[in-house]
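Below is one structure, written out as C-alpha cells; comments come after it.
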Amino acid sequence: MKLIQLFLTVIIFMDIFLWIAALPQGVENEHSSYDQVPSGNKELLSSSSVGMGRFISHKRSRIPRLMACNKIPRICRVKGSPGPHCCNNKCVNVSTDRLNCGMCGKKCQYNKICCDGKCVNPSVNGKHCGGCSKGCSNGSVCVFGLCNYA
C-alpha cells in the first residue's frame, strides 16, 4: 500500500513540475529589446519565444521572426535573416516575397508568385513553369505548371 502511495505522490509531483514548466513567461515590450541591441552584436534574442514555457525557452532562434528594421536597417543583413531589404518594418527578400515583389509594397495577385522580383504565373509561364527558374525546354509549353502536359 505504501509503495502505491509513494508512486502516486511521485506522479503528482511530476505533473505539477511539467505544468509549471509549461506556463508562459512574462511578455516583454516588443520594441524595447531592439533598442538595446549593440551595433556590433549579431546574435539577437528571439521574440518568437514569447508564451513558450520555461522548460523549453532555452532553445531560441538567432533572428526574430518579425524584425524591427526601421531603427536598425543593418539587422536585415545578418546571417539567417529572411532577406536583406527592410519593408514595412520587416526584413524581406524582394526577389521572392509575394507581398513585396521587386520593391516594397508591390503585391502579387493570388495566382502569381514572385520570381526574380517579378510577379509570374507558374501555371503558364515557360521560364517559371511550376516554380521559380524551372524553365521548359525549347518547343515545350507550360500548362498547369507542367512542361508538355497532355
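The values are calculated or read from the model by the stated rules, or taken from the named source; none is laboratory data. As the structure is a prediction and not an experimental result, all values here were calculated from the model. Because the Cβ atoms are built from the backbone with ideal geometry, glycine has one as well, and the counts that use them run over all protein chains shown.
Of the strands (runs of 3 or more DSSP E) lying entirely inside the range 90-150, those carrying at least 1 residues that are more than 26 Å from Lys79 (Cβ to Cβ) are 118-120. Got at least one residue in the range 80-87 being surrounded by fewer than 16 Cβ atoms within 10 Å (Cβ to Cβ), within 14 Å of the chain's Cα centre (by Cα) and either closer than 30 Å to Phe17 by Cβ or modelled with pLDDT under 85 (or both)? For the range 80-87, residues surrounded by fewer than 16 Cβ atoms within 10 Å (Cβ to Cβ), within 14 Å of the chain's Cα centre (by Cα) and either closer than 30 Å to Phe17 by Cβ or modelled with pLDDT under 85 (or both): present.
One line per residue, one yes/no per condition, for (1) surrounded by 14 or more Cβ atoms within 10 Å (Cβ to Cβ); (2) at pLDDT 85 or above:
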| position | (1), (2) |
| --- | --- |
| Ser39 | no, no |
| Ile72 | yes, no |
| Lys106 | yes, yes |
| Tyr110 | no, yes |
| Cys115 | yes, yes |
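Residue-wise test of (1) at pLDDT 85 or above; (2) of a type in the set (Asp, Glu); (3) surrounded by fewer than 12 Cβ atoms within 10 Å (Cβ to Cβ); (4) under 20 Å from Lys107 (Cβ atoms).
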site	(1), (2), (3), (4)
Arg54	no, no, no, no
His58	no, no, yes, no
Arg77	no, no, no, no
Cys91	yes, no, no, yes
